[in-house]
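The values are calculated or read from the model by the stated rules, or taken from the named source; none is laboratory data. Fair warning: this is a prediction, and the values are worked out from it, not measured in the lab. Every residue, glycine among them, receives a Cβ derived from its backbone with ideal geometry; neighbour counts consider all protein chains shown. Calculation scope for accessible area: heavy atoms of the full protein, side chains included, ligands and nucleic acids excluded. Shrake-Rupley method; radii C 1.70, N 1.55, O 1.52, S 1.80 Å.
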Amino acid sequence: MSVLSSLARRHTSLSDREVEHLHHLVADWQLLADLNFADVLLFGSLRDREAYVVLAQVRPYPAQTLYQEDMVGHVLEAADRDRVRRAFAEERIVREGDPEWRDGTPVREEAIPVRFRDRIVAVVSAEQNLATARTPSQLELTYLQAAADLEQMIAEGNFPFPSNEEREISPRVGDGFMRLDEEGVIVYASPNAVSAYRRLGVAANLIGAHLGKLDFDESVTLDALRRVRPFEGEVEASGAWVYRRFVPIAHGGQVSGAIAVLRDITELRHRDRMLLLKEATIREIHHRVKNNLQTVASLLRLQGRRLSSEEAKAALEESVRRISSIALVHETLSHDSHERVDFDRVASRVVEMVRDGLADPDRPIHFRVDGSAGDLSSEIATPLALIVVELVQNAVEHATGADGRAIGVTVEMARTRDRVRLAVSDDGVGLPDGFAVERDSNLGLQIVRTLVESELAGEISIAGANPGTRVEVAVPLDRPRIAAP
């Protein structure tokens, strides 16, 4: 639950739909603060007395703030916010009156009632520090007029516009600002807006130009504004990108113009393209590494067929499985640009590979994979896949059942906030008497110990089960790897 929702539920009588409308307002009101050069506070009326709680707050980017500390959650008496009280009571914008003095600072305050359907659900207070004010330029006067239009729309219940979309880019008025009349003619363009259009290749004077005649297909934009709908999107031309957001201005259902904020995002899009190229290159590298590993595995298989020694053949088959497990990780990475591996899928495929390679009708073995390790970085997933191969292969080779009974091999995975745990257990004959890991480990277990302790800075334990053997591995997720001695 958001802070706004929590405060509204605790202090006010606002319904869920009314709170949702306030959420839409807060998502869009940075525009109002910047155009007003003012701090903007959202006041909700307390349900049990005449006082107000600050539900949200936003500071202006182009001006000095009045509030160094956050006011959200503060409860203010009606006597301390007379304009807010009047806006609630009179259901109109309250601007008149002399500036207030707060701690020696002159403050101009406007109180705008927030209408939702047929009810005033909150009041927005725009508060400007007049000590930093100066004679306004044409740009600042245009900003203030646009702010007044938005305030009127808030009071009439026509702003904000409902939307469930999150913006990747939120241009600010300082990035570029334009004012359009009801016909779509640009009546004002800030210097940054002119510069943005120059980068798009527009050499004509913007002021006085019709939006639809700037060499871009603006039919969708103009149609949306005529239907009192906002419109936003990117324009690409002459090797430049500009993101634009148009907000229609309407009073009494009649469109009287629009305001537009725009931002030159050329460098951002160039970086995006470079990242895409880099990601594609990384995926191609993983793909080629996987292919090379599979080629090596194929060569080892061919070599194995020429050998007469069963021991040598078995050694080559083990090497093929080790190489194939690493290739599986690179195959997964070749399909994903985030350098993370769905290890659950890798573990299942590794177990299938070992099962197919060691299948013997005279030694029935059942495999099961339980739990989840989630997505792991390639630095952890690669050695961990090799660990699964060695432990499952070791379980199959040494967990001989009595009287030819079926053996079960289980791979269990679990993940906590900072660790991933892996356990491989079987219900075979178990460990021999006097078994010691340091002394009696075969090559497979030695590889596992080296990977766990030196490569992954983890821990390993081997214990007899009843029946069988259980090997547990715990690996930290964020601990740096330790170089092997």
Under 15 Å by backbone N from the virtual spin label 7 Å along Cα-to-Cβ at residue 278, the residues of the stretch 233-271 are 268-271
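Between residue 17 and residue 203, what FRET efficiency follows from the Cβ-Cβ distance if R0 is 41 Å, with the result rounded to 0.05? Write down the numbers at each step before the final one.
Numbers: r = 49 Å, r/R0 = 1.19.
Taking R0 as 41 Å, the efficiency between residue 17 and residue 203 is 0.25.
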Compute the Cα gyration tensor for the stretch 1-155, then decide on rounded, prolate or oblate, letting a ≥ b ≥ c be the square roots of its eigenvalues: rounded whenever a/c is under 1.5, prolate when a/b is larger than b/c in the other cases, and oblate in all that remain.
-> prolate
Compute the signed sum of charges (Lys and Arg +1, Asp and Glu -1) over the other residues within less than 14 Å, Cβ to Cβ, of residue 179.
-> -3
Added length on full extension, which subtracts the Cα-Cα distance from 0.36 nm per residue, residue 414 to residue 65 | 120.7 nm
If you project the alpha carbons of the chain onto the principal axes, what extent comes out on each, in Å, largest first?
-> 99, 59, 41
Can you give me the pair-distance distribution of the stretch 170-213, C-alpha pairs, 10 Å bins, whole percents?
-> 30, 56, 14
In whole angstrom, and with the biggest value first, how far do the Cα coordinates of the stretch 107-170 range along each principal axis?
-> 38, 31, 16
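If the stretch 131-274 were replaced by its equivalent ellipsoid, with semi-axes equal to the square roots of 5 times the Cα gyration tensor eigenvalues, what would those be, largest first, whole Å?
Numbers: eigenvalues 114, 68, 54 Å².
Those come to 24, 18, 16 Å.
Report, in deg cm²/dmol and to the nearest 500, the calculated mean residue ellipticity at 222 nm for the chain, where each DSSP H run with n ≥ 4 adds -39500 (n - 2.57) and the sum is divided by the residue count. Walk me through the numbers before you get to the answer.
Numbers: 13 runs with 186 residues, N = 485.
Mean residue ellipticity at 222 nm (helix-derived): -12500 deg cm²/dmol.
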Near residue 278, which lysines are there with a Cα under 21 Å away, not counting those fewer than 8 places off in the same chain?
-> 290
Tell me, in nm to one decimal, what length is gained between residue 161 and residue 117 on full extension, where the rule is 0.36 nm per residue of separation less the Cα-Cα distance?
-> 14.5 nm
Between the stretch 368-401 and the stretch 204-251, what is the C-alpha centre distance in whole Å?
-> 57
On average, how much accessible surface per residue is there in the stretch 203-360, in Å², for a 1.4 Å probe, leaving out ligands, DNA and RNA?
-> 56
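Once the other residues with Cβ under 9 Å from the Cβ of residue 60 are scored (Lys, Arg +1; Asp, Glu -1), what is the net sum? Spell out each step's value before the answer.
Numbers: positive: 59; negative: 34, 39.
Computed value for this residue: -1.
Let me check I've understood the local charge: for residue 114, count other residues with C-beta under 11 angstrom from its C-beta, Lys and Arg +1, Asp and Glu -1. What total comes out? Mind showing how you got there, number by number?
On the way: positive: 115, 119; negative: 18, 91, 151, 156.
Local net charge: -2.
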When only the heavy atoms of the protein chains count and the probe is 1.4 Å, how do 161, 246 rank by accessible area, highest first?
-> 161, 246
Accessible area of residue 298, 1.4 Å probe, to the nearest 10 Å²?
-> 50
